1. Looking at (1) under 17 Å from VAL84 (Cα atoms); (2) crowded, with 17+ Cβ neighbours inside 10 Å, which is the only condition ALA133 fails?
2. If you take the residues of the range 329-376 that are assigned to a loop (DSSP other than H, G, I, E, B) and open to solvent by 30 Å² or more (accessible area, probe 1.4 Å), which of them is farthest from PHE185 (Cα to Cα)?
3. Could you check how many residues of the range 187-206 are among the polar types (S, T, N, Q), within 20 Å of the chain's Cα centre (by Cα) and open to solvent by less than 10 Å² (accessible area, probe 1.4 Å)?
4. List every residue pair whose Cβ atoms lie under 7 Å apart, where the two residues are 6 or more positions apart in sequence or sit on different chains, the first residue falls within the range 264-283 and is outside the structural domain of VAL240 (by the TED database), and the second residue, located anywhere, is assigned to a helix (DSSP H, G or I).
5. With respect to VAL268, is the statement that it is among the hydrophobic types (A, V, I, L, M, F, W, C), surrounded by fewer than 17 Cβ atoms within 10 Å (Cβ to Cβ) and either over 18 Å from GLU337 (Cβ atoms) or at pLDDT 90 or above (or both) true?
6. Give the range 1-29 a look and list any residue that's within 12 Å of LEU229 (Cβ to Cβ), modelled with pLDDT of 80 or more and aliphatic (A, V, I, L, M), or say none.
7. Just to verify a result, which residue in the range 83-132, among those that are of a type in the set (Gly, Ala, Ser) and in contact with a helix residue (DSSP H, G or I) (Cβ under 7 Å, 6 or more places away or on another chain), is farthest from ALA64 (Cα to Cα)?
8. May I ask you to list the residues in the range 27-76 that are farther than 20 Å from VAL99 by Cα and of a type in the set (D, E, K, R)?
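The values are calculated or read from the model by the stated rules, or taken from the named source; none is laboratory data. Quick caveat: nothing in here was measured; it's all calculated off a predicted structure. Please note: Cβ atoms are built from the backbone with ideal geometry, for glycine as well, and neighbour counts cover all protein chains shown. Each accessible area value is taken on the protein alone, full model and side chains, heavy atoms only, with ligands, DNA and RNA left out. Shrake-Rupley method; radii C 1.70, N 1.55, O 1.52, S 1.80 Å.
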Amino acid sequence: MRHFVWERYWSVVKKEVIQIKRDRPSLAIALVMPLMLLFLFGYAVNTDVNDIQMAVWNQSPSAASRELVDQFVHTHVFEVAAHVNSYKEIEAMLDDGSVNVGLIIGPDYTRKRDRNEPVDVQMLINGSDPNIARTATSQAQLIVQHKAITLQEMKLQKQGLGELEQPLGLDTRVLFNPNMESIVFNIPGLIGLIMQNVTMILTAFSLVREKERGTMEQLIVTPIRPLELMLGKITPYVGVGLFSFCLVLLVGTYWFGVPVKGSISLLVTLSVLFLVTTLLLGIFISTVAKTQLQAMQMAFAFILPSVLLSGFMFPRDSMPLVIQWVGGLVPLTYFLEILRGIFLKGVGIDALWKDVVGMSGFCLLILTVAILRFRKKIE
């Protein structure tokens, strides 16, 4: 009996391979689309905030005030877009979006600085984009604090009191991503997101296509069981998806310069588990949808929440606990932890076993539900 089960399974695999060869547009999507999306989003998705456009109103033109402006520019976080002569000009530029920051140096800046008197500079920040606003605020505070300490040290040296000693210091070491580059964090996530979307859409049309083409009747009269049919249909796509995964992995490693610090074999093995899970998810969608249009709509209805809830864009720790639980129903949530753990930290299965168990559980759950949903009859 076991032999005949495998025989029926392989008959479905062969049938699906022939279908893939005939459906060249779908094969092209599976092979080319991941690379296109990785190049597109690899350059587009960047959370590093650089070159914030800044307008400067310097009411105390001098070497000292120009030195302060240069310190803002040298951080590469700010870029002087214009020099203005009034508040109205700054407000107008903030309103039309030509600048996001306005730096205002008062007319008494140089005089007070030369006398070692306290002096303030003002910064107007466009808060409509919180990410830019937070970066501009923190960087400006660091620049001013560093400048204040330098001026205080110069004052003490003039008075013959030696250098200013800091009573408290902080020794920081950034692990895994020392330069804190967003691309190092984003590329592994993009690989997982792209592979989920492409593979799920491919199989979301599988059974629906059988219904629309009228070939479902041929399956009804055969002794093929639901499990054999599900696994037989996804097996060729696992091979196609694994080949696509290897392509985007090579591009992410050698083109974008994000090396894999952990085990390649472990990464590929767990990627196969993820591909099986997403392909089964597409099969489940195919058992629910009546038409290919419905299958496409349902697939995209799943993709958007997976982007938001998986931790790809926003940290899951900052989400409400209920939303974190909902995110646990998305297989991409577990795969992102696996990808970033192996890519960035170089960890092994001992650190990733919880995510592996979670993804395996989801795989078994969706397989069971898909089998229960499938009926070898025309509805």
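1. With (1) under 17 Å from VAL84 (Cα atoms); (2) crowded, with 17+ Cβ neighbours inside 10 Å applied to ALA133, the lone miss is (1).
2. Start the filter on the range 329-376 by keeping residues that are assigned to a loop (DSSP other than H, G, I, E, B), which leaves 329-330, 346-348, 374-376.
Retained after the next criterion (residues that are open to solvent by 30 Å² or more (accessible area, probe 1.4 Å)): 329, 346-347, 375-376.
On the way: LEU329: 23, GLY346: 14, VAL347: 15, ARG375: 43, LYS376: 45 Å.
Going through the qualifying residues, I end up with LYS376.
3. Kept after step one, since they are among the polar types (S, T, N, Q), are these residues of the range 187-206: 196-197, 199, 203, 206.
Cutting the leftovers down to within 20 Å of the chain's Cα centre (by Cα) gives us 196-197, 199.
In the following step, the residues that additionally are open to solvent by less than 10 Å² (accessible area, probe 1.4 Å) were identified as 196, 199.
Within the range 187-206, residues that are among the polar types (S, T, N, Q), within 20 Å of the chain's Cα centre (by Cα) and open to solvent by less than 10 Å² (accessible area, probe 1.4 Å) number 2.
4. So the pair list comes out empty.
5. Working: among the hydrophobic types (A, V, I, L, M, F, W, C): yes; surrounded by fewer than 17 Cβ atoms within 10 Å (Cβ to Cβ): yes; either over 18 Å from GLU337 (Cβ atoms) or at pLDDT 90 or above (or both): yes.
In short, yes.
6. VAL12, VAL13
7. Going residue by residue through the range 83-132, those that are of a type in the set (Gly, Ala, Ser) are 86, 92, 97-98, 102, 106, 127-128.
Of the ones still in play, those that are also in contact with a helix residue (DSSP H, G or I) (Cβ under 7 Å, 6 or more places away or on another chain) are 102, 127.
Numbers: GLY102: 18, GLY127: 29 Å.
Residue satisfying both the conditions and the ranking: GLY127.
8. Taking the range 27-76 first, the residues farther than 20 Å from VAL99 by Cα are 27-45, 60-65, 67.
Within the range 27-76, just GLU67 meets the criteria.
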